[in-house]
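Inspection log for the structure reproduced underneath, given as structure tokens.
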Amino acid sequence: MYLCAPMLKGKKYKKYYRSNLRLAMPVVVSQLGHTLVHTADSVIVGHFAGTFALAAVSLVNSTFTIIMVAGIGIAYGLTPLIARENGRKDYDECGRLLINSLFINIITAILLFLLIYFGLLSVIDFLKQDQKVVELAKPYLGLLGISIIPLMVFNTFKQFAEGLGFTRQAMVISIVGNIINVCLGITFVKGLFGIEPMGVKGVGWSTLIDRSLMAVVMGTYVLRSVNFRKYLRTFALQKIDRLRSLRILKIGAPVALQYTFEVSAFSGAAILMGTLGAIQLAAHQIAINLASATYMMASGISAAATIQTANSYGRQDFKALKMSANASYHIVLAFMSVMALLFVVMNQWLPWVYTSDSAVIIVAAQLLIIAGIFQLFDGAQVVGLGILRGMGDVNIPTVITFIAYWIIGIPLGWIMGIYLDMGANGIWAGLTLGLLASAVLLYIRYKYFSKRISQ
């Protein structure tokens, strides 16, 4: 199969590998920053607050992440449009799109906060989780809910800059932000420098402060930098209009649904894990944190593929579009193969980063072997989504993600994990089959759509 033969035509694809990687690497680090915030929270809490606290972080992240990625998906609607208009050299339209995106994202952030505050904080009592876990989870969830507002502002300016090919600045801001998050998290959770230990609530405060600072810095960079001066001539409140807002939402809303279907499937898996016990839920949190880190790296490659594809589409250069898209598939498969090998070889040691509880480590080590297997499928499907977004194809891929995760993945996970009593391994096996279905169907869609537009 063509997907499984990366690098066979190295000379033919060499310049596309270089350009894609040059654009992707800063995005990879920046995308990874979203996951590392929650990873840092898990590591800090796991070592300084115990297994119940780690299970609480797992429960919150599993529910909050659904809300967060929905917002990120809405914000992402700006990127392919900016890349396409830049390819057409319509710089004024880029400024108009930015102000409309900022308006949409602020409204979205407020609505998501209200959903968390008046919805999830109540629903969490009815998920049949350990009561001690629920009590620890609520304050943390409330603080993360507030943090969605600065996060959406940050993403507005980040997606604008990345759509124009400026990817390094968001990377630097994400790195510094994560360092601040870790330092504040340890200080608040453990109680250093005279501060009273806060436990799980401490990582909530560190995340809120971190995201607020990142929003201010990213917005200041875009609005003050000479790199964007020609694009911001039309960045004004009076340029907010219904047609451009709808244009952004026509891409952003399906992308939000794609993210939501995938992440909610893993969140559903976490709820299934919670019915098995706190040990299984804590182990799931470790394995999903590690898998999410590699996924976000692949997501960075996908984001670069979207930008390259949209830019080529705007120039009507369909040969470059196909070459760049194929190169993105090659890169992500090579990268995820290395990550899969790492997960399998290091499955006994990686969980120690999070906890010293031997019971949790045993279960997590088994899950990491399965995670190693689905790395390839996960990488292929996220790049497929990115390429199709660049071509403006978002509706059919949204249906594919729903089928893959909620018609195949979660039902099979419940059947194998709960009904057939295969436990945590069975739940993850179901998710793996869902990822396989998504990867195959999206690749077929890419081949069909790319052939259609070049005719």
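The values are calculated or read from the model by the stated rules, or taken from the named source; none is laboratory data. All of these numbers come straight from a predicted model, not from anything done at the bench. Glycine also receives a Cβ, built like all others from the backbone with ideal geometry; neighbour counts cover every protein chain displayed. Side chains are part of the model used for accessible areas, which takes the heavy atoms of the whole protein and leaves out ligands, DNA and RNA. Shrake-Rupley method; radii C 1.70, N 1.55, O 1.52, S 1.80 Å.
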### Task
Test each condition in (1) surrounded by 24 or more Cβ atoms within 10 Å (Cβ to Cβ); (2) at pLDDT 80 or above; (3) among the small types (Gly, Ala, Ser) for Gly95 and report the one that comes out false.
(1)
### Query
Among all residue pairs at least 6 apart or on different chains, which show Cβ distances below 7 Å where the first residue, located in segment 69-88, is open to solvent by 10 Å² or more (accessible area, probe 1.4 Å) and the second is outside any helix (DSSP H, G or I)?
Asn86/Leu164
### Message
Would you confirm, using the coordinates I've provided, whether Phe166 is part of a loop (DSSP other than H, G, I, E, B) and surrounded by fewer than 20 Cβ atoms within 10 Å (Cβ to Cβ)?
### Response
yes
### Task
Filter segment 58-111 for residues that are charged (D, E, K, R) and part of a helix (DSSP H, G or I) and give the result.
Arg84, Glu85, Asp92, Glu93, Arg96
### Message
Tell me yes or no: at least one residue of segment 115-126 is touching a helix residue (DSSP H, G or I) at 6+ places or on another chain (Cβ under 7 Å), surrounded by 19 or more Cβ atoms within 10 Å (Cβ to Cβ) and assigned to a helix (DSSP H, G or I).
### Response
yes
### Query
Is it the case that segment 326-335 has a residue that's without any contact (Cβ under 8 Å) to a residue 12 or more places away in the chain and either among the aromatic types (Phe, Trp, Tyr) or closer than 22 Å to Ile373 by Cα (or both)?
no
### Query
Do you know which residues across segment 303-342 are within 20 Å of the chain's Cα centre (by Cα), open to solvent by less than 10 Å² (accessible area, probe 1.4 Å) and at pLDDT 90 or above?
Ser328, Tyr329, Val332, Met336
### Task
Hey, can you tell me all the residues within segment 248-269 that are among the hydrophobic types (A, V, I, L, M, F, W, C), within 22 Å of Val60 (Cβ to Cβ) and open to solvent by less than 20 Å² (accessible area, probe 1.4 Å)?
Ala256, Ala265, Ala269
### Query
Given the conditions (1) free of Cβ contacts under 8 Å to residues at least 40 places away in the same chain; (2) among the polar types (S, T, N, Q); (3) closer than 30 Å to Lys239 by Cβ, which single one is not true for Ser122?
(3)
### Query
Considering segment 300-354 alone, what residues qualify as being among the polar types (S, T, N, Q) and either part of a helix (DSSP H, G or I) or in contact with a strand residue (DSSP E or B) (Cβ under 6 Å, 6 or more places away or on another chain) (or both)?
Ser302, Thr306, Gln308, Thr309, Asn311, Ser312, Ser324, Asn326, Ser328, Ser337
### Task
For segment 264-310, name all the residues that are of a type in the set (Val, Ile, Thr) and in contact with an Asp or Glu (Cβ under 8 Å, 6 or more places away or on another chain).
Ile279, Thr294, Ile307
### Query
Do the conditions hold for Asn227, that is, is it crowded, with 19+ Cβ neighbours inside 10 Å and part of a helix (DSSP H, G or I)?
no
### Task
Could you list all residues from segment 279-294 that are surrounded by fewer than 24 Cβ atoms within 10 Å (Cβ to Cβ) and modelled with pLDDT of 80 or more?
Ile279, Thr294
#### Entry: Some residue of segment 176-193 being at pLDDT below 90, at positive phi and open to solvent by 60 Å² or more (accessible area, probe 1.4 Å)
yes
